[in-house]
1. From Cα pairs below 8 angstrom and at least 6 apart in sequence, can you work out the relative contact order of region 23-108, rounded to a whole percent?
2. Taking neighbour Cβ counts within 10 Å as the exposure measure, how do 91, 55, 99 sort from fewest upward?
3. Most exposed first by the Cβ proxy, i.e. fewest other Cβ within 10 Å, how do 83, 59, 67 rank?
4. Give me the number: length gained by fully extending residue 36 to residue 90, i.e. 0.36 nm times residue separation minus the C-alpha to C-alpha distance, one decimal in nm.
5. Could you tell me what fraction of 2.2 N^0.38 Å the Cα radius of gyration of region 24-103 comes to, as a two-decimal ratio?
6. Could you pull out the GluC sites (Glu not before Pro) across region 34-64 that fall in loop regions by DSSP (anything but H, G, I, E, B) with no more than 12 other Cβ atoms inside 10 Å?
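Where a number appears in this text, it was derived from the coordinates with a stated rule and is not lab data. From a predicted model like this one, the values you see are computed outputs, not experimental measurements. As a convention, Cβ positions derive from the backbone with ideal geometry for all residues, glycine included, and neighbour counts pool all protein chains shown.
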Amino acid sequence: MKSRVIAGAVLLTALAAAPIARADEHPGQKIYREARCTTCHGETGDADTPAGKRLDARKLTSEEVRKMTDAQLGASIAKGRQKMPAFGSALSDGQMQRLVGWIRTLEP
Ligand code: HEC
């Protein structure tokens, strides 16, 4: 019981501190922007960018992407796919996991 109270207090502290550090941003979103996924897939993942249209980049909000497993998404990011470059040497496994985590939050 006592540990639950402590855990609750820790959680509240984390939530209270979050707004100072850009609370609304998922850690994967920052990586997404810094790795320039936005060039093709756009800020919101809808692939509505000149490069995205030219290369036929997939909408990250699409049904196809939603149906894929985390491992499949991670493999596409690491190894690339068709006209999408591979990011396996530029990003760590943890960074790619966070990217997948962020893609999961996108709404169609
Ligand atoms: C140069 C343009 C480009 C960039 C930059 C890019 N992508 Fe893509 N991406 C594509 C294209 C094109 C496809 C569609 C591939 C296909 O035809 O299946 C795609 C597909 C995907 C898919 C769907 C995978 C699948 O197997 O269908 C995911 C997830 C994805 N990209 C994530 C990312 C992430 C995360 C980044 C940044 C680390 C990124 N992309 C950067 C062009 C790009």
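1. Relative CO of region 23-108 lands at 31 percent.
2. Sorted ascending by nearby Cβ count, the order is 55, 91, 99.
3. Details: 83 11, 59 18, 67 8.
So the residues, fewest neighbours to most, are 67, 83, 59.
4. Value of the extension gain: 18.3 nm.
5. Working: Rg = 11.5 Å, N = 80, 2.2 N^0.38 = 11.6 Å.
It is 0.98.
6. Hits after loop and neighbour filter: 43.
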